[in-house]
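For reference, the structure is listed below as structure tokens.
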Amino acid sequence: MSNQKWRILVVDDEPNNLHLMMQVLGDKYQMAYATSGKEALDIVVKMKPDLILLDIMMPEMDGYETCRKLKADPYISKIPVIFVTAMGKEEHESLGFEVGGVDYVTKPVSVPVVLARVATHLALYNQQRACEITVLERTAELEASQHSAIHMLGEAGHYNDTDTGVHIWRMAAFAGAIARAHGWRAEQAEMLELAAPMHDTGKIGIPDAILKKPGKLDAEEWQIMKNHSRIGHGILCKCDTPLFRMAADIALYHHEKWDGGGYPEGLKGDQIPESARIVALADVFDALTMKRSYKDAWPLDKALKEIRDTTGSHFDPFLVESFFSIQNEIMEIKDTWNRKELS
Ligand SMILES: [Fe+2]
Ligand SMILES: [Fe+2]
């Protein structure tokens, strides 16, 4: 930002002082003025100045009070405030800093001091904003790459499962909804929703002949198929972030069962990470209610009955309760994704 565009608001109830500041700063900066604290607050919100020069002794609202109010509003609290005042005692100055001022200039003002302080604080403020923008941009960029990675791994796992369609995205939405209904914090539930589509990433390591076999797998083929949870874990644990650690856990444990009858480790009950227990429920429910090359979509009643019948053996009974408590939401998610699949 060039100096010309920097905006300065001068607040003083004395027209002579305003006039002086306009003269000193008017050539370099875009100036505005206010003659009371109240007027200053209105103008600040409208014009968003880059710096405020604030008198202390003013009728009604004094400079300290005005500064407190400015600092209490998160949209304008970062604008630097320099006090310009005849009150030069130490206690006045320290109160000025206490209420959020960045600097203190005493009247009668010295022109070079005012120019130097204004220039310094504008430069600092500008630098601070540039840093904040960079951080925001980097964060957005990182988030976008992370989402793409999830997308790619999710799709890669199901690349050869030609008939899964929108399964991974729909089951992820179910998983997020179950987590929220089960009392998960919103950020954690969102993380689960991002991690869930990668549950079958390991299928990338399973031979086509097994993945696409039209009939039932024999015992040996089944053993190979089961490896997809370890393979997926092995891939996803390469990225050491909370999201991918969760995804790796889910990949490893999404075929464990509440009664210990699942794989790969035969974990029981809450030995299985809750994230994986949620994904197991969301995954099976979606698999039952969608059409696959080897089976028709089960009617909803039959799928829900299956979930109930296998509660306590396959599924965590407490999670199933949460699942049934949000039936309507589950149906809405299903309808939304079904419409997407058709369009
Ligand atoms: Fe799986
Ligand atoms: Fe799945």
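The values are calculated or read from the model by the stated rules, or taken from the named source; none is laboratory data. These numbers were taken from a predicted model, which means no experiment stands behind them. Cβ: placed from backbone, ideal geometry, glycine included. Neighbour counts: every protein chain shown.
Segment 170-228 holds helices (runs of 4 or more DSSP H) entirely within its bounds, and those carrying 3 or more residues that are farther than 30 Å from E143 by Cβ and more than 12 Å from ligand 1 (Cβ to nearest atom) map to 208-211, 219-226.
Return a yes/no flag: does segment 69-79 have any residue that is surrounded by 16 or more Cβ atoms within 10 Å (Cβ to Cβ), more than 35 Å from the chain's Cα centre (by Cα) and modelled with pLDDT of 95 or more.
First, the residues of segment 69-79 that are surrounded by 16 or more Cβ atoms within 10 Å (Cβ to Cβ): 69-71, 76, 79.
So of that shortlist, the ones also more than 35 Å from the chain's Cα centre (by Cα) come out as none.
No, segment 69-79 has no match at all.
Scanning segment 232-256 for residues that are touching a residue at least 12 places away in the same chain (Cβ under 8 Å), touching a helix residue (DSSP H, G or I) at 6+ places or on another chain (Cβ under 7 Å) and in a loop (DSSP other than H, G, I, E, B) turns up H254, H255, E256. Against the conditions (1) part of a loop (DSSP other than H, G, I, E, B); (2) touching a helix residue (DSSP H, G or I) at 6+ places or on another chain (Cβ under 9 Å); (3) within 30 Å of A149 (Cβ to Cβ), D259 satisfies every one except (3).
Pick out the one residue from T201, T164, T134 that is within 16 Å of ligand 2 (Cβ to nearest atom), at pLDDT 90 or above and of a type in the set (S, T, Y).
On the way: T164 fails: at pLDDT 90 or above; T134 fails: within 16 Å of ligand 2 (Cβ to nearest atom).
Result of the check over T201, T164, T134: T201.
Residues that are away from ligand 2 (no atom under 14 Å from the Cβ) and among the charged types (D, E, K, R) occur at least once in segment 231-242.
Out of everything in segment 283-300 that is touching an Asp or Glu at 6+ places or on another chain (Cβ under 7 Å) and outside any loop (DSSP other than H, G, I, E, B), what residue ends up being surrounded by the most Cβ atoms within 10 Å (Cβ to Cβ)?
To start, the set of residues in segment 283-300 that are touching an Asp or Glu at 6+ places or on another chain (Cβ under 7 Å) comprises 288, 292-293.
Pick out the ones that are also outside any loop (DSSP other than H, G, I, E, B) and you get 288, 292.
Working: L288: 18, R292: 14.
Taking the candidates together, the pick is L288.
When V45, V99, V81 are checked against the criterion of being over 23 Å from Q127 (Cβ atoms) and in contact with a Cys (Cβ under 9 Å, 6 or more places away or on another chain), a single residue qualifies: V99. Just so you know, in segment 88-108 the residues that are under 16 Å from N17 (Cβ atoms) and surrounded by fewer than 18 Cβ atoms within 10 Å (Cβ to Cβ) include one that is modelled with the lowest pLDDT, and it is G88. The condition of being farther than 13 Å from F83 by Cβ and assigned to a helix (DSSP H, G or I) holds for K46.
Of all residues in segment 244-281, those being within 16 Å of ligand 2 (Cβ to nearest atom), small (G, A, S) and under 13 Å from H314 (Cβ atoms) number 3. Candidates are the residues of segment 177-198 that are under 19 Å from the mean Cα position of the chain (by Cα) and within 15 Å of ligand 2 (Cβ to nearest atom); the one that is farthest from M331 (Cα to Cα) is A195. If you take the residues of segment 268-280 that are within 32 Å of the chain's Cα centre (by Cα) and part of a loop (DSSP other than H, G, I, E, B), which of them is surrounded by the fewest Cβ atoms within 10 Å (Cβ to Cβ)? This residue is P273.
Taking segment 1-52 as the range and being under 19 Å from Q128 (Cβ atoms) and buried (at least 19 other Cβ atoms within 10 Å of the Cβ) as the test, the residues that pass are W6, I8, L9, Y29, V44, P49, D50, L51, I52.
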